[in-house]
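What follows is a set of notes on a single structure, which appears directly below.
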Ligand code: GLA
């Protein structure tokens, strides 16, 4: 069996490392120290995929990997934003604050400023330096981490009265309306609202939320995150197409959103849908919402290993009914299950990105080895694997 390398927590460093790098970058680029540093994490979603924009349920947790922005106010109403990863600075003024006005990675930053201004906030000019330990393009919400860290920085620098509960929506509008990726509320809610040691049970219609304790370690379990390194491309049409199908299905059923279909009513609802694709998409959304509820019930009763079959059923539904998996995701899930995982599923939007597998801690390295070996056999790029305890949401570091 191939040796597989699993990184515990941070991939090559402590959570503080992105903070130090952001501060160093700020000093290099702006020739002075920042006023402070703000962080926001990436996320994994335990279960509840493609349910958020159907007004349904999600159950994410924050990673202990952070995006950090070191920032200071600027004299004029201009924004200069430097990225360690991109090795560049982008500078823009108010004229760029129209959807799509700043292209590329800096658009997420401009989008947050645009979104705040749309909501009536007076955003100060600022210099910003960004460093991140959240893998980019791996379906772990690096974009939400960027938006939410920048939002925190601008809120504090401008002394804006911005209740935490409103922040996810403002960050989500930056992505959906300024950048043009029609996402739901999952990623930004996770990045802002998650708490260490918990998964966040969020009703995306009422915005009611409950923190559910999730201590896998105490139960002798590990959530292994497998980055398949199949780059996901959500901004392309596939995500938007799924969303449109759901809206069309809800409309055909005379509902505001598919969330309103109970799993018991599913056969009747399917009979009323005019086409095969809409029936498949609807079946995924309705059964996935039911799986989130069942997962929460199992966690509340202390049966962590018991959620395994729900995770695996979620993956099958995303593969067969929602059609958002790729070979690497399916291979990782199959290899993890064959090696003894309690359950495994893709996490995030799909079309690439990560799988999470719930394994006995004693089996962790064996499962990781089996996945690496399966990728090798299939001729895929070797996966990267890591573990992370559920971390805290966005915060000011200093
Ligand atoms: C992406 C989107 C989220 C959510 C997931 C799928 O991560 O940004 O809003 O729809 O896909 O659950």
Study note, to complete from the structure: Scanning segment 195-209 for residues that are surrounded by fewer than 24 Cβ atoms within 10 Å (Cβ to Cβ) and touching a residue at least 40 places away in the same chain (Cβ under 8 Å) gives 195, 196, 197, 198, 201, 203, 204, 205, 207
Review point. Can you name the residue in segment 309-340 that is part of a loop (DSSP other than H, G, I, E, B) and free of Cβ contacts under 8 Å to residues at least 40 places away in the same chain and is also nearest to the ligand (Cβ to nearest atom) among such residues?
Key: 325
Check your understanding: Looking at segment 179-200, which of its residues are out of contact with any helix residue (DSSP H, G or I) (no Cβ under 6 Å at 6 or more places or on another chain), assigned to a loop (DSSP other than H, G, I, E, B) and within 13 Å of the ligand (Cβ to nearest atom)?
Key -> 180
Point to revise | Verdict on residue 367 being in a strand (DSSP E or B) and over 17 Å from the mean Cα position of the chain (by Cα) | key: no
Check your understanding: Here are some conditions: (1) out of contact with any helix residue (DSSP H, G or I) (no Cβ under 8 Å at 6 or more places or on another chain); (2) outside any strand (DSSP E or B); (3) at pLDDT below 95. Residue 4 meets all but one. Which one does it not meet?
Key -> (1)
Check your understanding: Right, residue 151: in contact with a helix residue (DSSP H, G or I) (Cβ under 9 Å, 6 or more places away or on another chain), more than 14 Å from the ligand (Cβ to nearest atom) and free of Cβ contacts under 8 Å to residues at least 60 places away in the same chain or not?
Key -> no
Practice item. Check whether at least one residue in segment 212-226 is farther than 20 Å from residue 357 by Cα and away from the ligand (no atom under 14 Å from the Cβ), and report yes or no. Key: no
Review point. Can you tell which of 133, 122 is assigned by TED's automatic domain parsing to the domain that holds residue 75 and touching a residue at least 40 places away in the same chain (Cβ under 8 Å)?
Key: 133
Check your understanding: Looking at segment 352-360, is at least one residue part of a loop (DSSP other than H, G, I, E, B), surrounded by 24 or more Cβ atoms within 10 Å (Cβ to Cβ), outside the structural domain of residue 191 (by TED's automatic domain parsing) and over 17 Å from the mean Cα position of the chain (by Cα)?
Key -> no
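The values are calculated or read from the model by the stated rules, or taken from the named source; none is laboratory data. As the structure is a prediction and not an experimental result, all values here were calculated from the model. Here Cβ is always computed from backbone atoms with ideal geometry, including for glycine, and neighbour counts include all displayed protein chains.
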